[in-house]
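The values are calculated or read from the model by the stated rules, or taken from the named source; none is laboratory data. The shown structure was predicted, so the numbers you read here are calculated from the model rather than taken from an experiment. Here the Cβ is made from the backbone with ideal geometry for all residues, glycine too, and neighbour counts use every protein chain on show. To get the accessible areas, we keep the full protein, side chains included, count just its heavy atoms, and leave off ligands, DNA and RNA. Shrake-Rupley method; radii C 1.70, N 1.55, O 1.52, S 1.80 Å.
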Amino acid sequence: MLHGQIDALIKDAIQSAFNQAAEFTIDAPKNPEHGDFATNAAMVLTKLVQKPPRVIAEALAEQLRSHSQVIAKVEVAGPGFINITVTREALYQTVRDVLAAGDRFGQQEKPQGKKVLVEYVSANPTGPLHLGHARGAFVGDAVSRLLQAAGFAVTREFYTNDVGNQVNILARSIYLRYRELFGENITLDKDAYPGAYVIDIAKVLKEEDGDKWLTASEDEWRPRCLAIGLRENLKGIRESLEIAGIQIDSWFSEGSLHEQNRISELITSYRKLGMLYEAERAEGTDEKIRREDSKAANYAHQQKGGTFLRTAQFGDEEDRILVRANGEPVYLAADLAYHKTKFDRGFDWMIDVFGADHSGHIPRIRAGMRALELDDKKLQFVCVQMVRLIRNGQEVKFSKRSGQIYLLSDLIEEIGSDAARFIFLMRAPDTQFDFDLDLAIKQSSDNPVFYTQYGHARMATLLRRAEEAGKSFGGLARLSDEALAKLVLPEERNMLKKMGLFPDVVMRSALSLEPHRMLHYCQDLIGEFHTYFTKYRHTERVISDDALLTEGRLAMVAALKQTLHNALSLLGISAPEYMHAPEEKAE
RNA sequence: GCGCGGUUAGCUCAGUUGGAUAGAGCGUUGGCCUCCGGAGCCAAAGGUCACAGGUUCGAAUCCUGUACCGCGCACCA
C-alpha cells in the first residue's frame, strides 16, 4: 500500500545516505501545500547524524527524488520537514488495490504469528448485563476484531465467577422468591438480589421441580438453586451479548479452577518460591495506609489473618492475603490462578478489558504474575471509564438497590446495536463521556451513526443509479488506466490518498487498542465524500456522458464504499445499502 | 491520606505517540435544491489547550508541583 511504500523508501534513503535506522513518523498533512505525505525523519536524525535538520533533509530528499514512478515531488520545508507529493499513478493504484482486496482490504495479509487473549465483560453471573457492562463489552469486542484484522490469532474470553459469596447470595435470593411463589411472606436479606429476574428464575425452579424444596434443608436446596441461577443468568447474558453482536469464543469457569486444583497448585508454587508467609495481617502495613477514611478500615474486624503473598515486592501497595485462616482461598487466589492459565495456554499477549472500578486489581495481578517469574509485560489492561447516561438533557441515575437498572438488552432495543456500538466506540476508552440517548435515537445528521451510514448508502445508491442508466461499473477486470487518469480533481486526489491510509489506520487502532481511531477515520472519509458530492453536483457529476470519466469515478466510489464498509464491519457496525427517509414531522 | 483516569470552543469530544496556522460534531448566525439521496454542503463567530514551573530547535502532547471532577483503596467478587 502507498503508505507502506513511502515508509520503505524513506528507510532506504536513511540507510543509503547515512547508514542509519531511525524511528520517524509519516503524516498526511492537512495543509495541501505540504504535499501528500510529510515526514519528520530529518529532525529525528539530527542527534544521530550531528548535522542540522535541513541539511539532512536535503540529502534524504535527493535520494527520494530518484523514485519517480511513485514520488512526483519532494520539498524540504520549515524546520526540516520533508514534504512528499506522490504521482497520480501511485494514487490510482490504490483504487486497484482496494477493489482487488475487496472485503479483505485493510487486513494484514501476513499473520503476526502471535496468539492474543482478550478477556472482557466477565460479569458476575448473578444478574443480567446492564449499562455498566456495555462499554467494556463493545470495546473488548472491537479490539478483538481489530487485532484479528491486524493478523493476530485472537481468542475472546469471558471469565465466569461461578463460585463464592455472590453466587451463594444469588442462590439464597432465588430460594426466598421460590418460597414466596408458594404464598409465603418473605423478607429479603439486606444483601440479597432484589431484581425481578430473580423471581423469574424462581418461577422456572417451581415449574421444573414443583414444591420439592419447600421442606428441604439449605444444604439440599442450595446446590440446586445455585445451578439453576447460574444456568438462567448465563443464558440471559449469552442472549444479550448475541443481540449486541458481541462474540465470545471461550467461557472460562472459576469453578473449573477449583475442580482442577489449580488454586492449590498455585499456592504450592508460591510456597516453593518463598513468596508466602502466615500472619495476622500483612507485613509492613502501617497506619498511614490503613487510615480511617480508607475503605479497609470498615472491614478491619473481618480480617483474621492467614497466608499472605509478597506482592508488595512487585509494585503492589501491600501484601495480599491468599488463603483465609479457615483455609478458604480468597477471590484473588482464583484470579491469579486464572491469569496463570493464560500464560500456561501459550498466549503471547494478554489483554484484560476492565471497568474503571476494577482498576485497583491491576497492580495485584501484575505482582502475582511477577512473583511466579512470568513476564507481566505480556499483560495489558484497557480500563474503560464510567459513562453517564443522558435522557432529556438529564443524567439518568441507577441504583442496584432499588432494582433501577438499565439493561444492555434495553439499550439495544431502544437505539439499536449499530448506534450503541458506534457511540461507545467513538470515544477513547480512558475518557469518561456522556451518552446522550435522545441523540442516539435521532435519525438525522446530528447523529454521527446515521451520518456515516448515510454516506455508505449514498455511495451504494450512486452505483445503483449508474446501473439503471446502463453505465454500471464493470469491476476491476475491465477498469482501464485511461479511466483512472480522468480523476484529476483535488477532492478526488484527497479521497484516494485517505483510502490508501486505511490499512495503517487499522494497524494503529489495533496496536494501540483504541477503536475510536477507526471511527474518526470513517467520519473523516465520509465527510470528504459528502463535500465532493455536493460541491460538484451541477458541474462534475459522477455519472455523466463521458464514458471514461464515469468509469473512473465509479471505480473510485466503489473503492470508497468498500473501504467504508470494511472499516465499519471491522467494528461490528453494519453498512447499509439503502436507508429509508425519516417520516416528515406533521406540523 | 494513597493509587488510577480526566481537565482542549457555549455543549459533547478528537488531536496521527514531540512537529508546520490546535480540529470535528452539536448549538448560534447567514447562505446553497432545474440536482446522481438537502438524512447533505458552504461560510462566519467562538480558544490563556485548568494553573505554575521545567526539559529542547519545537510542548495540548514528556517531567515536577498545585487546583478541581470521576473511579478505586475488603480476608466482597
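Summing Lys, Arg as +1 and Asp, Glu as -1, what charge do residues with Cβ under 10 Å from the Cβ of A:Leu276 carry, A:Leu276 excluded?
Cβ neighbours under 10 Å give a net charge of +1.
Rounded, prolate or oblate: which one fits segment A:448-569, using the alpha carbon gyration tensor with axes a ≥ b ≥ c (rounded when a/c is under 1.5, else prolate when a/b beats b/c, else oblate)?
prolate
Can you return the aspartates and glutamates within cross-link range of A:Lys11? Criterion is Cα-Cα under 14 Å, with same-chain partners fewer than 8 residues away left out.
Within reach: A:Glu23, A:Glu62.
Which Cα, out of A:Gly474, A:His456, A:Leu560, lies furthest along the positive dipole direction of segment A:448-569 (beta carbon charges, K/R +1, D/E -1)?
Of the options given, the answer is A:His456.
Which order do peptides A:539-550, A:183-194, A:50-61 fall in by mean Cβ count within 10 Å, highest first?
A:50-61, A:539-550, A:183-194
Between rounded, prolate and oblate, where does segment A:169-225 land on the alpha carbon gyration tensor, with a ≥ b ≥ c its root eigenvalues, rounded for a/c under 1.5, else prolate if a/b exceeds b/c?
rounded
Please report the net charge: other residues with Cβ closer than 12 Å to the Cβ of A:Gln108, K and R +1, D and E -1.
Summing Lys/Arg as +1 and Asp/Glu as -1 gives +1.
Using modelled amide H (1.01 Å from N, peptide plane; none on Pro or chain starts), what sits under 5 Å from the amide H of A:Tyr277, excluding residues fewer than 5 places away?
Residues meeting the criterion, in which the H sits 1.01 Å from N, are A:Phe308.
What's the angle, to the nearest 10 degrees (0 to 90), between helix A:262-272's Cα axis and the longest principal axis of chain A?
With rounding to tens, the tilt is 90 degrees.
Give, rounded to the nearest 20 debye, the magnitude of the charge dipole that segment A:448-569 has about its Cα centre when Lys and Arg contribute +1 at Cβ and Asp and Glu contribute -1 at Cβ.
Taking the Cα centre of segment A:448-569 as origin, the dipole is about 200 debye.
Straight-line reach from A:Lys235: which lysines fall under 29 Å, measuring Cα to Cα and dropping same-chain residues less than 8 apart?
Reachable lysines: A:Lys115, A:Lys190, A:Lys203, A:Lys206, A:Lys212, A:Lys340, A:Lys342, A:Lys397, A:Lys400.
With +1 on the Cβ of every Lys and Arg and -1 on the Cβ of every Asp and Glu, and nothing else charged, how large is the dipole of chain A about its Cα centre, in debye rounded to the nearest 20?
860 debye
Which percent of the accessible area of chain A is formed by carbon and sulfur heavy atoms (probe 1.4 angstrom)?
The computed percentage sits at 48.
Where in segment A:408-428 does the label zone of A:Arg391 land, with the point 7 angstrom along Cα→C-beta and an amide N cut-off under 19 Å?
It comes to A:408-421, A:423-424, nothing else.
Pairs A:Lys377/A:Lys498; A:Lys51/A:Lys73; A:Lys272/A:Lys304: which are spaced more than 30 Å apart, C-alpha to C-alpha?
A:Lys377/A:Lys498
Determine by what factor the alpha-carbon radius of gyration of segment A:1-129 differs from 2.2 N^0.38 Å, reporting the quotient.
Cα-based Rg divided by the globular estimate yields 1.43.
Give the percent of DSSP beta bridges with both residues in chain A that are antiparallel, rounded to the nearest 5.
Taking every DSSP beta bridge within chain A, about 50 percent pair in antiparallel fashion.
For segment A:424-468 and segment A:41-67, what is the separation of their Cα centres, given in Å?
43 Å
Work out the length of the dipole vector of segment A:382-434 about its Cα centre, built from +1 on the beta-carbon of each Lys and Arg and -1 on the beta-carbon of each Asp and Glu, and round it to the nearest 20 debye.
240 debye
With the Cα gyration tensor of chain A giving a ≥ b ≥ c as the square roots of its eigenvalues, does the rule (a/c under 1.5 for rounded; else a/b larger than b/c for prolate; else oblate) give rounded, prolate or oblate?
Since a/c reaches 1.5 but b/c is at least a/b, the shape of chain A is classed as oblate.
Quick one: which residues, 5 or more positions from A:Thr160 or on another chain, have an amide H under 5 Å from its amide H? H modelled 1.01 Å from N in the peptide plane, none for Pro or chain starts.
The answer is A:Phe252, A:Ser253, A:Glu254.
Among the chymotrypsin sites (Phe, Trp or Tyr not before Pro) in segment A:480-580, which ones are in a DSSP loop with at most 15 other Cβ atoms within 10 Å of the Cβ? Mind listing them?
Those satisfying the criteria are A:Tyr536, A:Tyr578.
Please list the non-local residues whose amide H lies under 5 Å from the amide H of A:Phe433, H modeled 1.01 Å from N, same-chain partners needing a gap of 5 or more.
A:Arg388
With a sphere of radius 13 Å drawn around the Cβ of A:Arg262, what net charge do the other residues whose Cβ falls strictly inside it have (Lys, Arg +1; Asp, Glu -1)?
Computed value for this residue: -2.
Restrict the search to segment A:334-416; then list the GluC sites (Glu not before Pro) that DSSP places in a loop and that have at most 15 other Cβ atoms within 10 Å of their Cβ.
The qualifying sites are A:Glu373.
Accessible area per residue for segment A:425-539 in Å², computed with a 1.4 Å probe and the full protein assembly in place, what is it?
Spelled out: the 1.4 Å probe surface of segment A:425-539, per residue, equals 45 Å².
What distance in nm separates the simple spin-label points at A:Gln20 and A:Ala297, each placed 7 Å from Cα in the Cβ direction?
My value for the distance between the label points is 5.7 nm.
Residue by residue, what Karplus-based ³J(HN,Hα) values in Hz, rounded to whole numbers, does segment A:63-80 have, using 6.51, -1.76 and 1.60 with θ = phi - 60° and x for Gly and Pro?
Per residue, the Karplus-derived 3J(HN,Hα) values read 4, 5, 5, 6, 9, 6, 6, 9, 9, 8, 8, 10, 10, 9, 9, x, x, x Hz.
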